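The values are calculated or read from the model by the stated rules, or taken from the named source; none is laboratory data. Fair warning: this is a prediction, and the values are worked out from it, not measured in the lab. Methodologically, a virtual Cβ is constructed for each residue, glycine included, from the backbone with ideal geometry; neighbour enumeration extends over all protein chains shown. Keep in mind that these areas ignore ligands, DNA and RNA; they rest on the heavy atoms of the full protein, side chains included. Shrake-Rupley method; radii C 1.70, N 1.55, O 1.52, S 1.80 Å.
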Amino acid sequence: MTPFSTTVRQRLAVLATACLLSVALPAGSAWAQKVKDKGTTPAATATMASASDISVDILTIDAVGSNVDEATLRAIFSGNLVDNADALAGLTASSIAIPEITLSATTTLEGKTTEATVTFSDLVLSDITDGTAASVSLAAMTMDAGENGSGQFGPLSAANFNIGGVLGLYGLVNAGGRTELETIYSDFSFEGGSFQSPEASCTMGAATVAEFKARPLGYSFGEIIALIESLDAQEDDPSPELIGAALRMYVDMFTAFESSPATFGGFDCSGIDDEGNAVDFSIAGMSMGGMSPGIYPSISLDGLDVSVEGDGSVQVGNITFKEMDLSAPIAAIQAAPEALDDAWFTANARSLIPAFAGFSFSDVAVDVPNPDAEGERIQAGIGAFDLSLADYRNGIPTDILTTASNIHAALPTDTDDEQLQQLIALGITEIDAGFAIDASWDEAGNTIAVDEISITGANLATVKLAGTIANATEALFGLDEDQVQLAVMGLALANLKLDITDTGLSDIILTTVAAEQGSDPATMRPVFAGLAEGTVIGLLAGAAEAQKVGAAINSFVSGKAKYLTIEMTAKQPPGLGFLDFIAAEDDPTVLIGKVTIDASAK
């Protein structure tokens, strides 16, 4: 699959610029003045001021019972928020209605000058008291960027729109030292829309948010812009002082917002790639969990579909990125010195790891050309995958669960991989597999419970391991590397359980082997069963359990039983340690007298 062409990207950039203008209003010059007043470098101010040449046309403003005169309102809605912020924050009126606002912008992108017009229709604020509107609505928004494209967007509305809160958020008005979160708006609703360009067109679904809260940022908008400009100026080698300032700014932002869960109706885009092939890209829907200070919410995408005509396709039923707790990194940065150098990052690396809860995806279907074999295709899928991480200790999750099912793919007929060649030799042309890993640390017992490590092949076999690792002390997750190494060497295997379920693999193997020997599977099974039993009894010579274990394995290999369980328990606590396994490398039988072994088959 190939990306959109350079021309397409340029046109999409123009549309994106127009969209940003529609959200921010033409406040560029006002922001630039605000930044200049705060001592921003001339280069930074010039960059913002010269980004676009913007004009605003407002024919009429219908203000009923307003305590702000029309001239000031016109200045505000034309983009001069800075000079009139106090008046806007204290606005009281029965209603403010503006039938139409037209923004015209001349913008230079990648050396090419383009023009764009954005028109807002029927902007209405109702029942405004001391800077808070009971409701705000916009009937429509249209965008015209000439040959680069156009867009049409439906109604947008919200309740309890706290204008003063928005202005205080960015430091445009005095927030009076307020640090608590307050409602900025509620019942937000957007009905979606569409935009088009010569090479691409998209439709967008509706979006809703029940409530959004915020507190004043510790940095004004001008200071934020100035800091970003300074980072750009120092490029790849910012000073420790600038890095510290930037991270503290990000921490401030991550703790300044709270919201209800949000939903988005997705989008559907069609376009043309560099080779002239039709490209379809769509997401059926998206949802985001509630945002709270220090918590990055979960994001879930449904119905991802990417298709390229004559090339291939990728479909995913659902992708979910689980929430991320940034409390540990935030605390580390808040306690850090002003200047953050390499030594500080090295010393605090583990503290800067967020507690990521994991991710999942399901119903994956891939059909694309094989880049390593002309004329062949990669056709595969995954039924479900999930990674869940919890109970972090110094940046390390101590509770891990990951599962996957229905990982299916056709085996390539022309492969150099020995394992794949062995499967193909057994007559297996397609796999359908899964796996699971489930382990958690018990702080009170100083143990790691390995509840499951398993792999499954449909119509083949399932192999599952479970056990307990003792001597897993808190030092295992500590920050002192020497102590961590000592803790790892002190781990001991207390018990281990192996479960094997045969769902067809032995039949395939014996059929192949029997054919090579000129025999049949029924004849070969008891022969292999006897060999396996004798080998195990010989290996466990002297162990009281040898005969029982051998008999269980005979029953399993002979086909009389489909389930085999072998359990091993250390005779002396805490269990088999590091030195025991080193000794077993030269002589595995040294472990026999240190464990109790049991086996059963059914």
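Which semi-axes, in whole Å and largest first, does the equivalent ellipsoid of the stretch 170-291 have when worked out from the alpha carbon gyration tensor as the square roots of 5 times its eigenvalues?
Square roots of five times the eigenvalues give 35, 25, 12 Å.
For the chain, what is the relative contact order in percent, using Cα pairs closer than 8 Å and at least 6 residues apart in sequence?
Relative CO of the chain lands at 6 percent.
Subtracting the Cα-Cα distance from 0.36 nm times the residue separation, let me have the gained length for Y563 to D232 in nm, one decimal.
112.8 nm
How large is the helix-only mean residue ellipticity at 222 nm for the chain, computed as the sum of -39500 (n - 2.57) over DSSP H runs with n ≥ 4, divided by its residue count, in deg cm²/dmol to the nearest 500?
-8500 deg cm²/dmol
Please give the net charge around L123, taking every other residue with its beta carbon less than 14 angstrom from that of L123, where Lys and Arg add +1 and Asp and Glu add -1.
-3
To two decimal places, what compactness ratio does the stretch 220-374 give when its Cα radius of gyration is scaled by 2.2 N^0.38 Å?
Taking the Cα Rg and dividing by 2.2 N^0.38 Å, one obtains 1.40.
Per residue, what volume in Å³ does the convex hull of the Cα atoms of the stretch 112-242 enclose?
175 Å³
Simple spin-label model, 7 Å along Cα-to-Cβ: T402 to A532 in nm?
Taking the two extended label points, one gets 3.0 nm.
On the first, second and third principal axes, largest extent first, how far apart are the outermost C-alpha atoms of the stretch 494-536 in Å?
For the stretch 494-536, the Cα spread along each principal axis is 46, 24, 13 Å.
Can you divide the C-alpha Rg of the stretch 47-106 by 2.2 N^0.38 Å and report the result to two decimal places?
Working it through for the stretch 47-106, the quotient is 1.24.
Could you tell me the calculated FRET efficiency between D122 and A339, based on Cβ-Cβ distance and R0 = 51 angstrom, to the nearest 0.05?
Using R0 = 51 Å, I get an efficiency of 0.45.
Once you treat every alpha carbon in the stretch 366-443 as an equal point and sum by Debye, what is log10 I(q)/I(0) at q = 0.14 Å⁻¹?
The Cα Debye sum returns log10 ratios of -0.66.
Distance from the Cα centre of the stretch 403-446 to that of the stretch 322-376, in angstrom?
Each part's Cα centre sits 26 Å from the other's.
So, for the chain, what is the accessible surface per residue at a probe of 1.4 Å, expressed in square angstrom?
51 Å²
Convert each backbone phi in the stretch 271-278 into a coupling constant with the Karplus relation 6.51 cos²θ - 1.76 cosθ + 1.60 (shift: θ = phi - 60°), then list the ³J(HN,Hα) values in order as whole Hz, x for Gly and Pro.
x, 10, 8, 4, 9, x, 7, 6
Counting Lys +1, Arg +1, Asp -1, Glu -1, what net charge surrounds A347 among other residues with beta carbon under 13 Å of its beta carbon?
Result for the local shell: -3.
For the stretch 231-273, report the convex hull volume of the alpha-carbon atoms normalised per residue, in Å³, without decimals.
Dividing the Cα hull volume of the stretch 231-273 by its residue count gives 128 Å³.
Multiply the residue separation of V314 and S186 by 0.36 nm, subtract the distance between their alpha-carbon atoms, and state the gained length in nm to one decimal.
Answer, rounded to one decimal: 42.4 nm.
From the alpha carbon gyration tensor of the chain, can you work out the equivalent ellipsoid semi-axes (sqrt of 5 times each eigenvalue) and give them in Å, largest to smallest?
Gyration-tensor ellipsoid for the chain: 63, 32, 21 Å.
If each residue of separation counts as 0.36 nm, what is the full-extension length gain between D442 and Q152 once their alpha-carbon separation is subtracted?
So the extension gain works out to 98.7 nm.
³J(HN,Hα) across the stretch 147-155 via Karplus (A = 6.51, B = -1.76, C = 1.60, θ = phi - 60°), whole Hz, x for Gly/Pro?
Rounded to whole hertz, the list is 5, 7, x, 8, x, 9, 10, x, x.
Calculate the spin-label point distance for T102 paired with T512, positioning each point 7 Å from the Cα along the beta-carbon direction, and give it in nanometres.
7.5 nm
Roughly how many nanometres apart are two label points built 7 Å out from the Cα toward the Cβ at M489 and D144?
For M489 paired with D144, the spin-label model returns 7.8 nm.
Apply 1/(1 + (r/R0)^6) to the Cβ-Cβ distance of M253 and T413, taking R0 = 56 Å, and write down the FRET efficiency to the nearest 0.05.
0.55
Tell me the Kirkwood radius of the stretch 500-602: reciprocal of the mean inverse pair distance over distinct alpha-carbon atoms, in Å.
15.1 Å
What is the distance in Å between the Cα centres of the stretch 550-602 and the stretch 100-154?
The stretch 550-602 and the stretch 100-154 have Cα centres separated by 73 Å.
In whole angstrom, note down how far apart the Cα centers of the stretch 56-71 and the stretch 177-244 are.
28 Å
What's the Cα-based Rg to Rh of the stretch 306-415, Rh via Kirkwood?
Rg divided by Rh gives 1.18.
Give me the percent of accessible area attributable to carbon and sulfur for the stretch 296-363, probe 1.4 angstrom.
Ligands and nucleic acids excluded, carbon and sulfur reach 60 percent.
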